[in-house]
Every structure is written in C-alpha cells, then in structure tokens.
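Single-structure report; data block below.
The values are calculated or read from the model by the stated rules, or taken from the named source; none is laboratory data. As the structure is a computational prediction, the values presented were derived from the model and not from experiment. We place every Cβ from the backbone using ideal geometry, glycine too, and count neighbours over all the protein chains shown.
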Ligand code: UDP
C-alpha cells in the first residue's frame, strides 16, 4: 500500500485516551491500538509519544509549584504509556515502552539506537515521560523523538480535522488550512501544536501532519496523505 510516510512518530494526546468513564478509557485504548495495527499492517514503522493531559497538566494545577506540577504531568504520560503498551500487546502487536523518567521494572530508558532497531524489526515503540524536563509539553517530546528515530513525519492526533484559521470548536466559520510552512504556522500564532515544538521541527525540516484521530481508519489515511493539514 502506498504510504506518504513510512516511519512515523504518532503523537497521541492524553485527552484522546480519556472519557466520561474515567481518565484512561479501555475503549479508547483499544481503538488506538487498532488504528496502530491497521497502519502497521500496511507497512508503517510506528513510534508513539503519548501525552498526559487526561491525567495531569502541570500548568493547570493551582497552588502547586510549576516544576512539581510538570513532573506530575510527565508521570501521567508514563501511566498512559503502560496502558497503551498493554492495549497493543493484547492486539498481538510487538512493542516496547521507553521512558525519559527512570522507572526500572516499568519502562526501559529512552535509547534512540535501540528504538530505531526495534522499529526496523517491526516493533512499535511507545515513548513516555515527555522530554524528562518541565516547562515543555509532549509536543516538544514528540518532535525530539521523531528526529531521534529518523521518522519521516510527526503525525499529531487531534479532535478536529486539522489546522484552522480560528478555533473550530469556538467558531463554526473557521476556515481550514490544508498546508503551510513551519514559519507561517509560527507567524500566525496557531495553537494546534506548541510553538517550541514547531520551531524545532522547522529547523530540521520535519513535516507535521495534524489530523482528526478519533475516526476509524483515519490514522492510515493520514499516513497516505489523504486527510489532515500539513506543516512542511
Ligand atoms: N510535561 C512536561 N515536560 C514534558 C512533557 C510533558 O513537563 O516534556 C508535563 C506538562 O505539565 C504537561 C503534562 O506533562 O502539561 C502532560 O503533557 P501534555 O500536556 O503535553 O499532554 P497532552 O496534551 O498531549 O495530553
């Protein structure tokens, strides 16, 4: 099957994993494991960076020093990573979990060389713990990991179909933006991806696809260049 991007870093926001049932929803995990399986069956090599917004966002914790809040946020991504690994394993998908926060017995340390080997062998690599540093988000981690594993693109799952001139959840007239450069993204002050993340991606010519992730088959369509907005 023709894929636009074969080796890909999939950034899965934590909010896509939660539901009214709870912060880590079994149905959502199973849905994304199936999305990953479908793309892998089509020949994609997949690494994932999982967010933690369904559990803790450091900046949203009041009365908590930011450094501690962000550490709690990073720990949340590790919880999601453990859950995602199980969901992939249940589907029979070989996978490894690497964390930038040291957690022996739970996850291996981040090792780009080992990750690239695993990807080449058809294993899925789940990265948790963000960058391991406070004051940034998992978008930045996703760019760094994408570059480290030599991914051809970063594909970011969103709740809306791509980039818009205004927030489509607030304004129904917001017009979609099918394609723009990293520089244009930053100049327009768009909010779908963190500025820091887009700036690093731009410096290294890493394309970013933003697509609506909660529809069956959408991830594979994004890898085929058929849905989403492209920052390149
Ligand atoms: N975080 C951090 N450093 C990182 C990645 C994440 O401090 O490198 C913290 C930050 O507080 C963030 C939280 O972890 O709000 C959860 O990550 P994020 O908001 O990126 O999750 P997502 O929105 O993708 O679910």
**Message:** Where the second residue is surrounded by 13 or more Cβ atoms within 10 Å (Cβ to Cβ) and in a helix (DSSP H, G or I) and the first is at negative phi and touching a residue at least 60 places away in the same chain (Cβ under 8 Å) and lies in the range 182-198, which pairs have Cβ atoms under 8 Å and are six or more apart or on separate chains?
**Reply:** 196/139; 196/140; 197/139; 197/140; 197/142; 197/143
**Complete:** Per the filter on the range 51-70, residues near the ligand (Cβ under 7 Å from one of its atoms), modelled with pLDDT of 95 or more and either over 20 Å from residue 19 (Cα atoms) or assigned to a helix (DSSP H, G or I) (or both) are 69, 70
**Request:** Give me a count of the residues in the range 195-216 that are within 14 Å of the chain's Cα centre (by Cα) and within 21 Å of residue 18 (Cα to Cα).
**Result:** 5
**Prompt:** Across the range 19-31, what is the number of residues that are at pLDDT below 95 and under 17 Å from residue 212 (Cβ atoms)?
**Reply:** 1
**Complete:** If you go through 78, 48, the only one that is within 12 Å of the ligand (Cβ to nearest atom), in a strand (DSSP E or B), closer than 30 Å to residue 21 by Cβ and touching a strand residue (DSSP E or B) at 6+ places or on another chain (Cβ under 8 Å) is 48
**Message:** Can you confirm whether residue 110 is surrounded by 15 or more Cβ atoms within 10 Å (Cβ to Cβ), under 21 Å from residue 43 (Cα atoms) and touching a strand residue (DSSP E or B) at 6+ places or on another chain (Cβ under 6 Å)?
**Reply:** no
**Message:** Any residue that is within 24 Å of residue 195 (Cβ to Cβ) and touching a residue at least 24 places away in the same chain (Cβ under 8 Å) - is there at least one of those in the range 116-127?
**Reply:** yes
**Prompt:** Residues of the range 7-20 being in contact with a helix residue (DSSP H, G or I) (Cβ under 8 Å, 6 or more places away or on another chain) and surrounded by fewer than 17 Cβ atoms within 10 Å (Cβ to Cβ), which ones?
**Reply:** 19
**Fill in**
Filtering the range 154-175 down to residues that are farther than 22 Å from residue 142 by Cα and surrounded by 13 or more Cβ atoms within 10 Å (Cβ to Cβ) yields 165, 166, 168, 174
**Message:** Among the residues of the range 1-25, what is the count of those that are assigned to a strand (DSSP E or B), within 13 Å of the ligand (Cβ to nearest atom) and without any contact (Cβ under 8 Å) to a residue 40 or more places away in the chain?
**Reply:** 0
